[in-house]
Amino acid sequence: MEHKPVCCFDCVPCADGEISNMADMENCMQCPEDQWPDAKKSGCFPKVIVFLSYSDILGVILATVAMIFSAVTAAVLGIFIKHRNTPIVKANNWDLSYALLTALMLAFLCSLIFIGRPTTWTCLVQQAAFGIIFTVAVSCVLAKTLTVVIAFNATRPGSRLNRWLGSRVSGSIVLLSTLGEVTICLSWLLTSPPHPGIDTQSETGRMILQCDQGSVTAFYCVIGYMGLLAFASFIVAFLARNLPDKFNEAKLITFSMLVFCSVWVSFFPAYISTKGRYMVAVEIFAILASSAGLLGCLFIPKCYIILFRPDINTREHLTLHSHF
């Protein structure tokens, strides 16, 4: 009796997510998934709902960057249209250049769909719009690359490749490549479409409102198909990089595809290792970085010549020298 404890038990604090609303309770009660204990762990209150919004600093920065790059792309498109009769624009497949610039402008703008409160409509449109727009852009680059190779080989004596030159062939490449991505996206939307979802586990005391991909396999198929086209463009452009100077756009395409592929290869580990709104921010960053890489590598050097070096923007000079 001398060693009998003063009290029959010790008070143990409730674990995270649990409460005790009465004194001397033997067991704590679990709060519902959409609620969290207060500071005293005596009651539950609704968790804070968070998502990447335009009121967040991160959302504002990403939206501002997207709008700036979209405006820059529109300005470049205006420069190319205004100077469409100059040799440098004609020599680089002006129709494909217009289509590529339009796709890049839409790619910058489509990143805005990822910002804001997820809804059924935005979740359905986000990935499909991103995949199709980027496929158009990459297929335009692929068509440009193949046109460079065909144009060089068509100049050889006895070559029958002249019939493959022209807007019909390049347009067919873009159309067929894009149809493949459209098929993947339609299958995704019809079988297991993305939808708004709530993540209650990633952040303590918060519910993350985000788009559930529906089918993760379909999501990676969309990106994988786009990556396959980009890799094909890179290989063809790399093999054609040493063609005569007047076809030197292959060197720019090689570098642009290297940047593009590097961004999306880095995207996968970053995307998998992040959660919630930061996962969305990673995808937006990849969209902006890869689009800016294509814009900068393919068009900024040409705009420099058009605006600041018109003396070398001549047919004779482009035939003899490499400046783009």
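The values are calculated or read from the model by the stated rules, or taken from the named source; none is laboratory data. Remember, predicted model here, so these are calculated numbers, not experimental data. Positions of Cβ are backbone-derived with ideal geometry, glycine not excepted, and every protein chain shown enters the neighbour counts. We work out accessible area using only protein heavy atoms, side chains counted, and drop any ligands, DNA or RNA first. Shrake-Rupley method; radii C 1.70, N 1.55, O 1.52, S 1.80 Å.
Taking the conditions exactly as written (modelled with pLDDT of 85 or more and of a type in the set (Ser, Thr, Tyr)), does SER233 satisfy them or not?
yes
Looking only at the stretch 283-295, count how many residues are touching a residue at least 40 places away in the same chain (Cβ under 8 Å), open to solvent by 10 Å² or more (accessible area, probe 1.4 Å) and among the small types (Gly, Ala, Ser).
Result for the stretch 283-295: 1.
Of the residues THR254, THR204, which is in a helix (DSSP H, G or I) and either open to solvent by 70 Å² or more (accessible area, probe 1.4 Å) or under 28 Å from ARG84 (Cα atoms) (or both)?
THR254 is the lone residue from the list that is in a helix (DSSP H, G or I) and either open to solvent by 70 Å² or more (accessible area, probe 1.4 Å) or under 28 Å from ARG84 (Cα atoms) (or both).
Please verify whether ILE287 is at pLDDT 90 or above and not polar (S, T, N, Q), treating the condition exactly as stated.
So ILE287 fits the description; yes.
Give the number of residues within the stretch 47-83 that are free of Cβ contacts under 8 Å to residues at least 40 places away in the same chain, within 16 Å of CYS110 (Cβ to Cβ) and open to solvent by less than 50 Å² (accessible area, probe 1.4 Å).
2
Pick from PRO13, PRO87, PRO46: which is modelled with pLDDT under 85 and touching a Leu at 6+ places or on another chain (Cβ under 8 Å)?
Among PRO13, PRO87, PRO46, only PRO87 is modelled with pLDDT under 85 and touching a Leu at 6+ places or on another chain (Cβ under 8 Å).
Considering the stretch 101-128 alone, what residues qualify as being more than 18 Å from SER192 (Cβ to Cβ), free of Cβ contacts under 8 Å to residues at least 40 places away in the same chain and not hydroxyl-bearing (Ser, Thr, Tyr)?
ALA103, MET105, LEU106, ILE113
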